[in-house]
Structure formats: C-alpha cells, structure tokens
Amino acid sequence: MKIYYIANIRIPTEKAHGIQVMKMCESFALSGVEVVLVVPNKKNPIKEDPIDFYGVKRIFKIIKLPVFDLGSSSAFLFILSSLTFYFSLYFFLLFKSRESSILYTRGEVALVLARLIPRKIFIWETHIKPGNMLRYEKALKRSSGIVTVTKYYADELIRDFGVLRENTLVAPDAVQLEDFIIDGNKGTFKKRLNLPSDTKIVLYTGHLYGWKGVDTLAEATPLLGEGITVVVVGGTDIDLVNFRAKYGDIKNLLIVGQKPYGEMKFYLNSADVLVIPNSAKSTTSQFYTSPLKLFEYMASGVPIVASDLVSIREILNDDNSVFFNPDDSKDLAEKIQGLLDGPDKGNRISSKAFTEVNKYTWTKRGHNIVEFIKNKTKNGQY
C-alpha cells in the first residue's frame, strides 16, 4: 500500500498538529506502508530538517509543493497560499493518477479532494467539527473512511449526518513512550531547565488559546500554598505578550514560553502535578479534542489534574487522574493542593495512568488505521 498524506501546514511547525502528522507518517511506514507526506513549500523560521526536528525515523518521503507565500498575517494571505497549494496539489495528483495509492488528509483539504480528485480513494481524519458541516457534505459522502479522535464526534457523524458506522474509526491521539521515559530525578531536571529547586512544580504545556483554559490555571495560582511554582510552557509570540500582560505580576507563576519538543520530557518530569485545564465554554474543548499533552502527561508518570469534560473522560477516569470543575479556579487550586499534600494518591493515579497509556502509542494508532483502510478497500487491493 502507498499513502500520500496531504496536509496544508508548514513543516516543521511549533504547533502540535506538526507532531501528530509526522508521528503518523512514521507509524504508517512502520506498518509496512510506503508513505509520502505532501505539504506546501512555505517560508519557515525553523530551518532544521523536519525529520531531525521531530525525532522520527527517516522512513518516509516529504514533498513540498510550490505555493505563493507572503506569510499568514491575514486571512487573505492564508487563503491565497492555500489556493495555490491546492492548484499545485491538483496537478501533482493528476500526474500520479495512474498510480495505485490512498490519499489521507485532515482538515479542509478533504473539501478539495472530494471535489477535484474523484477517482482516488481518500481517508479523512477530522479532529474538530467544522462550523458549517453543510460545506463538508460532499467530503462526508466521498471519503472511503472517516477517522475521528473522539467517540462523541464519531457518534455525532453517524447520528446527525448519515455516516455509516462501518465507515468510521475512533482513533484518539497518542504518544511515543520512549520520548517521555527518562532517567534522572526532579532536582536534576529543574537544574537543567533553570527552574526553582526549592518549590513544588505545577506545570502546563501547550498553547494559550482561550479554550485551552490556561486562564483558569493562572487565576488558581495565587490560591495555592507557599512553596509552589506554577510553570506555563508554550504559546505563540503574540499570545505570550497578552498572557504576560495579564498575569505576569503573579509572583509564583513562571511563564517560560515556547520550548523545543525535545525538551518537553524534562519539563514534564520536573513537575509534581500536571494540569489539563480545558474550558467548558468551548464545544471543541468539551467534545472534540484529544490533546497530545494528555498522553504525554500519562507517559511521564506524574499525577494529572484535568477538567471534567466529556472529551477528557474518553481517556482519563477517576482511577488515573483527579478532575476539577471546568473554569473554576478555586476548585482547581483545591485539587492541586490536595495532590501535593497527599503524595500517596498522586503515586497511585500516576502509576495507573502510565499503565493505561500503553494502549495509546503512535505505532498502535498507525496500525489500527492501516487495518481500517484495508478493510475499506476491495480485498485489500490498491
């Protein structure tokens, strides 16, 4: 089998979807599939080779198609870049029309494949429900299979949009365990990262978008006891400026900004508690997200405090984490303090989380999707 994974993204990128795409290409290849990642050739402040940047095996190809790229500072420029990518993609796939292959994509690229590439089998991995599902009606009908990251989303597609259950696969996001299992102790990791050595560390990694709920964690920080530092890792430049302007005066809140993916294992393992503070004010947060950080947290062996949301409870439960009421900074502070004051419970739930995360590896996810694709094509012939 040969898969062209098509993604309208900059590679490498500091955003989490880059990790997901590259890890999936690697896992498809490890399942015995010939894989070609097709992306736009955009200007990129990150000069490192994508394979090295993400630490994946050099077992798949990356093709960058020409685009008209003046940056993404406005919606117009993003649309212009996207349209030229789709133009290049059409002729690229037209040249490959006689080749037996599967097209695999995510996001709005499914619209293009459904309308412009009628003869090719394509699989659509959809993470976030589009605001206007009517635009995607043709994509839903034309795709040979749909992969979602939550059961809630798959059930909704079946119930409300007529998608056949046998045409859907629920595949939560995943983690590469060896990326987050490291030797050492918290003191060593704190020293390496220049974190306070004499305090407990409560840590969040990821973006600072409103629906991620980091504001709730910032507001909970002053409510915590003495000797606790809350560390926030991640965020775009503009989001960091706004977040620091809003919360930079909180004395025990340390905002360190974006860090290389390879350093995440040290940050996670330096912590005493890890937080997933997603907001209930967003439907994406409530029902459709499968945060990469969730699985990375589980792999680190550090206890987790998480928002009590449908999407999060598809993976976490009361035996492997502690839940708090979403958007409630007081309740979040109490749950964090409870874990710090009661390390036995923290050890128990983190051990359970580590055991259960073994079900959610990129290798297993890739294998499951490849088997799903084979079942969706006649006798496995491509």
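Only one entry in V357, V275 is farther than 21 Å from G225 by Cα, of a type in the set (A, V, I, L, M) and out of contact with any Lys or Arg (no Cβ under 8 Å at 6 or more places or on another chain), namely V357. On inspection, K64 does not qualify as outside any loop (DSSP other than H, G, I, E, B), of a type in the set (K, R) and closer than 25 Å to K364 by Cβ.
Can you find even one residue in segment 320-327 that is crowded, with 16+ Cβ neighbours inside 10 Å, touching a helix residue (DSSP H, G or I) at 6+ places or on another chain (Cβ under 6 Å) and in a helix (DSSP H, G or I)? No, segment 320-327 has no match at all.
If you go through segment 71-101 and keep only what is closer than 28 Å to V370 by Cβ and touching a helix residue (DSSP H, G or I) at 6+ places or on another chain (Cβ under 6 Å), you end up with Y86, Y90. There is no residue in segment 293-308 that is among the polar types (S, T, N, Q), within 30 Å of L103 (Cβ to Cβ) and open to solvent by less than 20 Å² (accessible area, probe 1.4 Å). A search for C-beta distances below 7 Å between a residue of segment 316-329 that is of a type in the set (D, E, K, R) and any residue that is surrounded by fewer than 19 Cβ atoms within 10 Å (Cβ to Cβ), counting only pairs 6+ apart in sequence or on different chains, returns D319/K352; D327/A280; D327/K281. When E178 is tested against (1) assigned to a strand (DSSP E or B); (2) under 23 Å from the mean Cα position of the chain (by Cα), exactly one condition is not met: (1).
Rundown of residues vs (1) touching a residue at least 40 places away in the same chain (Cβ under 8 Å); (2) under 15 Å from the mean Cα position of the chain (by Cα); (3) open to solvent by 50 Å² or more (accessible area, probe 1.4 Å), yes/no style:
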| residue | (1), (2), (3) |
| --- | --- |
| Y4 | yes, no, no |
| E14 | yes, yes, yes |
| I19 | yes, yes, no |
| C25 | no, yes, no |
| K47 | no, no, yes |
| I51 | no, no, no |
| K61 | no, no, yes |
| L65 | no, no, no |
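Note on segment 181-204: among residues that are assigned to a loop (DSSP other than H, G, I, E, B) and among the aliphatic types (A, V, I, L, M), the one that is most open to solvent (accessible area, probe 1.4 Å) is I181.
Within the bounds of segment 171-179, is there any residue that is open to solvent by less than 20 Å² (accessible area, probe 1.4 Å) and under 30 Å from A333 (Cβ atoms)? Yes, there is a match, as at least one residue in segment 171-179 is open to solvent by less than 20 Å² (accessible area, probe 1.4 Å) and under 30 Å from A333 (Cβ atoms). Close contacts from segment 347-370, counting a first residue that is touching a residue at least 24 places away in the same chain (Cβ under 8 Å) and over 24 Å from G18 (Cβ atoms) and a second that is of a type in the set (S, T, Y) and not in a helix (DSSP H, G or I), with Cβ to Cβ under 6 Å and a gap of 6+ residues or different chains, come to I349/S321. P260 meets the conditions (1) surrounded by fewer than 19 Cβ atoms within 10 Å (Cβ to Cβ); (2) under 30 Å from G184 (Cβ atoms); (3) in contact (Cβ under 8 Å) with a residue 24 or more places away in the chain in every case but one. The failed one is (3).
The values are calculated or read from the model by the stated rules, or taken from the named source; none is laboratory data. In this text the structure is predicted, and so the values were computed from the model without any measurement. All Cβ positions, even for glycine, are placed from backbone atoms using ideal geometry, and neighbour counts span all protein chains on display. Accessible surface is based on the protein model in full, side chains and every heavy atom, while ligands, DNA and RNA are left aside. Shrake-Rupley method; radii C 1.70, N 1.55, O 1.52, S 1.80 Å.
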